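Notes follow once the structure below has been shown.
The values are calculated or read from the model by the stated rules, or taken from the named source; none is laboratory data. Everything numeric here is computed off the predicted structure, so don't read it as measured data. Here the Cβ positions follow ideal geometry from the backbone for every residue, glycine too, while neighbour counts run over all protein chains shown. With ligands, DNA and RNA removed, areas are computed over all heavy atoms of the protein, side chains included. Shrake-Rupley method; radii C 1.70, N 1.55, O 1.52, S 1.80 Å.
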Amino acid sequence: MNEVITVNGDSSAARLMEVQRRIAAACGRCGRDPETVQLLAVSKTVAPEAVRALYDCGQRIFGESRIQEAVQKIPLCPGDIQWHMIGHLQTNKVAAAVRGFSVFHSLDSLRVIQALGSAAEIAGSRVQAYLQVNVSGESAKYGMAPADLPEALEVLSEIYSIEVAGLMTIPPFAPDPEAARPHFRALRELRDRTEAACNCSLPGLSMGMTHDLEVAVEEGATCVRVGSALFGERR
Ligand SMILES: *Cc1c(COP(=O)(O)O)cnc(C)c1O
């Protein structure tokens, strides 16, 4: 038993170091400080023991995509983890969500914004949230249209319980990571234009996963959401 845990711990450390190396190398290529890129460990489908193994290597920021799975897992994990909700949020789950999560990556409608704002206010908490934008113009499942961003930001400016963290996107999957570059760049440019036009601050760009994190960092990601490179392939 001890031996198994040791082996897990070793591979967690090796995987974490490898992802950190990839982030640092990408930063080196574009003159960025690696400290400006947050690594979010995506632990969906992963057991609490594996979360703990990565935690023991120093990782403190984890992400989950399903509320039901998260409410069971979070109490079994170390209490000082910062949990990020990265999946699509349903309005009927926001009350449970604000109990477990302090950062939300996928606000994509006024309804969800209002619901999360009320739930956080009732819970007496202030959450951070990214607006998920569909910059690819393709039939992505989730994400608001860039044109809807100004109204969402105006609504958010009245909601004290949500602090706007920035923008998030999920590009259409393509095996070649370079295919994601135009979408990541579009998100950054949209951010720059929106900040200027709305006189608001959108500091964070949540973009990039295991297979395209380098491209995302080169295009300005401040948070990369990485699952399989840290925990192995999901079944
Ligand atoms: C699962 C997931 C990730 C992590 O994907 P990997 O390819 O395993 O790194 C990142 N972001 C979101 C929104 C996800 O659902």
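Select from segment 62-73 the residues that are surrounded by fewer than 19 Cβ atoms within 10 Å (Cβ to Cβ), more than 13 Å from the ligand (Cβ to nearest atom) and under 26 Å from Leu131 (Cβ atoms) and list them in ascending order.
Quick first cut of segment 62-73, residues surrounded by fewer than 19 Cβ atoms within 10 Å (Cβ to Cβ) only: 66, 68-69, 71-72.
From what is left, the residues that are more than 13 Å from the ligand (Cβ to nearest atom) are 68, 71-72.
Of everything in segment 62-73, those that are surrounded by fewer than 19 Cβ atoms within 10 Å (Cβ to Cβ), more than 13 Å from the ligand (Cβ to nearest atom) and under 26 Å from Leu131 (Cβ atoms) turn out to be Gln68, Val71.
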| In this structure, does Val94 turn out to be within 25 Å of Glu121 (Cα to Cα), at pLDDT 95 or above and crowded, with 21+ Cβ neighbours inside 10 Å? | yes
| Taking into account only those residues within segment 112-166 that are more than 29 Å from Arg185 (Cα to Cα) and in contact with an Asp or Glu (Cβ under 7 Å, 6 or more places away or on another chain), which is least open to solvent (accessible area, probe 1.4 Å)? | Ser161
| request: Restricting attention to segment 185-228, report how many residues are away from the ligand (no atom under 11 Å from the Cβ) and not acidic (Asp, Glu). | output: 23
| If you take the residues in segment 193-226 that are open to solvent by less than 10 Å² (accessible area, probe 1.4 Å) and either in a loop (DSSP other than H, G, I, E, B) or acidic (Asp, Glu) (or both), which one is farthest from Asp176 (Cα to Cα)? | Leu202
| request: Specify which of the listed residues (Ala41, Ala26) is at pLDDT 95 or above, under 30 Å from Val94 (Cβ atoms) and touching a helix residue (DSSP H, G or I) at 6+ places or on another chain (Cβ under 7 Å). | output: Ala41
| Index of the failed condition, Glu158 passing every other in (1) more than 16 Å from His84 (Cβ to Cβ); (2) touching a residue at least 12 places away in the same chain (Cβ under 8 Å) | (2)
| field | Count of segment 76-91 residues which are open to solvent by less than 20 Å² (accessible area, probe 1.4 Å) and away from the ligand (no atom under 16 Å from the Cβ) | value | 3
| query | Hey, any hits in segment 104-123 for a residue that's under 16 Å from Leu40 (Cα atoms), within 16 Å of the ligand (Cβ to nearest atom) and among the aliphatic types (A, V, I, L, M)? | reply | no
